[in-house]
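Take a look at the structure set out below.
No lab work stands behind these numbers, since they all come straight from the coordinates. Worth saying up front: this structure is predicted, and the values here are computed from it rather than measured. When we count neighbours, we look across all protein chains shown, and the Cβ atoms used for this are built from the backbone with ideal geometry, even at glycine.
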Amino acid sequence: MKTKRVLVTGASGFIGRQLVPALLRTGYAVRTATRRRVSFPDSVEAAIIPDLKNPVNWNPILRGVDIIVHLAGLAHVNIRDTAYSEFDQINRIGTQRLAQAAKEAAIERFVYISSVRAQVGASAAHLVR
C-alpha cells in the first residue's frame, strides 16, 4: 500500500506544530506550506507560501499529495489594526483558491480547520458551540 502524503498549510501555527509530528508518527509522508522556513524533521518536505492574499500556484505543491489539512489563516490579530478585506482575502478567498486547486488536482480529502474567531469576531456575548 502506498504511503499517503499530507499537505499541512499553516504548519508553523498552534495546531500545525503538533499535527506534523503526529502525522509522521502514524506513517504519513508530510509536506508543509508555511510563510517562512520552519524547523521540521528532515523527512518533511517544505514549501514557502509568502502570502495567501495573492493567488498561489498550488500545482507543484499539490503534486503527489493525497490529503490536505488547511490550517493557514489570519486569526490572532487586532481587528482594529486589520481591515476586514484582509481577513476576507486570506481566510475566504485564499481557502477557496486552495479548494479549487485541490479539486482540479483530484485530492482525495480536504480537511479545513478554522478558528472560532471566524464565526464571532474578537469576542462573543454568548457561548459558542
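Which order results if S12, S39, S85 are arranged by neighbouring Cβ count within 10 Å, fewest first?
Ranked by crowding around the Cβ, least crowded first: S39, S85, S12.
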Quiz item: Arranged by the count of other C-beta atoms within 10 angstrom, fewest first, what order do F110, F87, F14 take?
Solution: F14, F110, F87
Practice problem: May I ask for the net charge around Y112, where only other residues with Cβ less than 14 Å from the Cβ of Y112 are counted and Lys, Arg are +1 while Asp, Glu are -1? | Solution: +4
Quiz prompt | Residue among S12, V69, A105 farthest towards the positive dipole end of segment 8-114, charges placed on Cβ | solution = S12
Quiz prompt | Extended-chain gain in nm, criterion 0.36 nm per residue less alpha-carbon gap, V111 and D42 | solution = 22.4 nm
Self-check item: Environment charge at P60 (Cβ cut-off 12 Å; Lys +1, Arg +1, Asp -1, Glu -1)
Solution: +1
Quiz item: Put a dot 7 Å past each Cα toward the Cβ at K103 and S85; how far apart are the dots in nm?
Solution: 2.6 nm
Exercise. Report, in cubic angstrom per residue, the convex hull volume of the C-alpha atoms of segment 5-120.
Key: 104 Å³
